[in-house]
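See structure below.
The values are calculated or read from the model by the stated rules, or taken from the named source; none is laboratory data. If you're wondering where the values come from, they're calculated on a predicted model, not measured in any experiment. Cβ coordinates were reconstructed from backbone atoms using ideal geometry, including for glycine residues, and neighbour counts include every protein chain displayed. Heads up: the accessible areas ignore ligands, DNA and RNA and are worked out on the full protein's heavy atoms, side chains in. Shrake-Rupley method; radii C 1.70, N 1.55, O 1.52, S 1.80 Å.
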Amino acid sequence: MRKYLTRSYSDLIGVAYVILIASLLSSCQYLQPRSQATETVLCEVYGKKLLYREVQSVIPSFDSKTDSILFVKNYVNRWIKDALLIRQAELNVSENLDVQKLVDDYRSSLLLVNYEQELYTDLLDSVITVADLEEHYATHKDDYLLQEDIVKCALYKPAVKNSESKKLWRQALSTNWEVIAEVCAVDEAYCFLDTTQWLTRTDLETLLPVVPAASNWLRVGDINASQIHLRIFDLASSGEEAPMEAVNQELRRSILFERRSELLQIKRNELYDIELDKSNVKNYVQE
């Protein structure tokens, strides 16, 4: 195998492909013991080997052997290119780059993230009540000032805005939205009827075929606009405190973040005190 490594890169790919085909055929047809088949070397780059067992677990279920072989061939090609790129990086690594420290730091980060997730799963109180939301909102109102106007509304753009569409709109306002929803499902029309959802001014304007020319057109009530029927049910202006229900999800995320931070700090202090008492921690920097 080593003599092939002195050849060109294209020769290397060709050799890898030949070995790959032989490996797959032998393992699929059970011409050799399974343990031996999985140890088949698919390719080698400067002594670094890729074994069939390393690829076997990622091969999707294909209907044909040809598709499986093609997948592994492409996998091997990518692996070889990556291995060559990594080697080139190693040859050009800066003398000031402490690779081992980078590896150690990355390993530590992975361990911490995994352990923190276990802590959250086992110990974090993820139940958030209305009282929790209200308390958090009351103490963090300045964090939830609106950057733009938001509204609760309903709109209906009929295929043609006329007396019939006006009649349908009035009927919907007085009874329910189903009559318009049914029309929008079959007609050349569209509607937005979720009056519980807050929309930003920008989001609302994207729903309008034509935005009213007046800068102060946004107000509570029926809006006179061409091609559509529009009613604003509630409005909160830019610069005001956002209604609590409009930032419900942000409040929940913030509460969970605070709880996670507190839980992690408690665990840090707990471990520190325990290990310090056992003399497993020696802090030589004293105040």
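So which of 141/161; 48/267; 101/278; 48/282; 49/101 end up more than 31 Å apart, counting from Cα to Cα?
Details: 141/161 42 Å; 48/267 42 Å; 101/278 29 Å; 48/282 43 Å; 49/101 25 Å.
As for pairs spanning more than 31 Å Cα to Cα, those are 141/161; 48/267; 48/282.
Could you work out the percent of alpha carbon pairs in region 116-255 separated by over 26 Å, rounded to a whole number?
Result: 40 percent of Cα pairs exceed 26 Å.
Per residue of region 62-73, in order, report the coupling 6.51 cos²θ - 1.76 cosθ + 1.60 (Karplus, θ = phi - 60°) as ³J(HN,Hα) in whole Hz, putting x for Gly and Pro.
Calculated HN-Hα couplings, in order: 9, 6, 10, 5, 4, 5, 5, 5, 5, 4, 5, 4 Hz.
Using the heavy atoms of the protein chains alone and a 1.4 angstrom probe, what is the accessible area of region 99-213 per residue in square angstrom?
Working: 7510 Å² over 115 residues.
Using a 1.4 Å probe on heavy atoms only, each residue of region 99-213 averages 65 Å².
Give, in whole angstrom and from largest to smallest, the semi-axes √(5λ) of the equivalent ellipsoid of region 195-251, with λ running over the eigenvalues of the Cα gyration tensor. Spell out each step's value before the answer.
Numbers: eigenvalues 103, 28, 23 Å².
With the √(5λ) rule applied to region 195-251, the semi-axes are 23, 12, 11 Å.
When a/c is below 1.5 the answer is rounded, else prolate if a/b is larger than b/c, else oblate, so apply that to the chain with a ≥ b ≥ c taken from the square roots of the Cα gyration tensor eigenvalues. Could you put the intermediate results ahead of the total?
Numbers: a/c = 3.02, a/b = 1.57, b/c = 1.92.
Verdict is oblate for the chain.
For region 250-267, take each phi angle, set θ = phi - 60°, evaluate the Karplus expression 6.51 cos²θ - 1.76 cosθ + 1.60, and give the result in whole Hz per residue in order, putting x for glycine and proline.
My calculation for region 250-267 gives 5, 4, 4, 4, 5, 5, 5, 4, 5, 5, 5, 4, 5, 4, 5, 5, 4, 5 Hz in order.
Quick check on region 36-118: take the gyration tensor over C-alpha atoms, sort the square-rooted eigenvalues as a ≥ b ≥ c, and tell me if it's rounded (a/c under 1.5), prolate or oblate.
Details: a/c = 2.80, a/b = 1.47, b/c = 1.90.
It comes out oblate by the Cα gyration axes.
Once the dipole of region 222-272 is set up with Lys and Arg at +1 and Asp and Glu at -1 on Cβ about the Cα centre, which of 249, 271, 237 lies farthest towards its positive end?
Projecting each Cα onto the dipole axis, the largest value belongs to 271.
Give or take rounding to whole Å, what are the principal axis extents of the alpha carbon atoms in region 108-152, in descending order?
Answer, in whole Å and largest first: 44, 24, 22 Å.
Accessible area of the chain with a 1.4 Å probe: how many percent of it is carbon plus sulfur? Write down the numbers at each step before the final one.
Working: 9920 of 19280 Å².
Of all accessible area on the chain, carbon and sulfur atoms account for 51 percent.
Lys and Arg at +1, Asp and Glu at -1: add these up for the other residues within a Cβ distance under 14 Å of residue 112 and post the number.
Numbers: positive: 107, 260, 267, 268; negative: 104, 105, 116, 118.
Its environment carries a net charge of 0.
Charges on Cβ only, +1 for Lys and Arg, -1 for Asp and Glu, centred on the Cα centroid of the chain; of 50, 173, 111, which one is farthest towards the dipole's positive end?
Working it through, the farthest residue towards the positive pole turns out to be 50.
Tell me, what HN-Hα J-couplings in whole Hz come from the Karplus equation 6.51 cos²θ - 1.76 cosθ + 1.60 at θ = phi - 60° for each residue of region 212-222, using x for Gly and Pro?
x, 5, 5, 6, 9, 5, 7, 7, 6, x, 6
Mind jotting down the distance between the C-alpha centroids of region 108-140 and region 218-287, whole Å?
Here the two parts' Cα centres lie 10 Å apart.
Where does the Debye-calculated log10 I(q)/I(0) of region 123-206 sit at q = 0.14, 0.20, 0.21 Å⁻¹, using only Cα point scatterers of equal weight, no solvent?
Log-scaled intensity ratios, in q order: -0.68, -0.94, -1.00.
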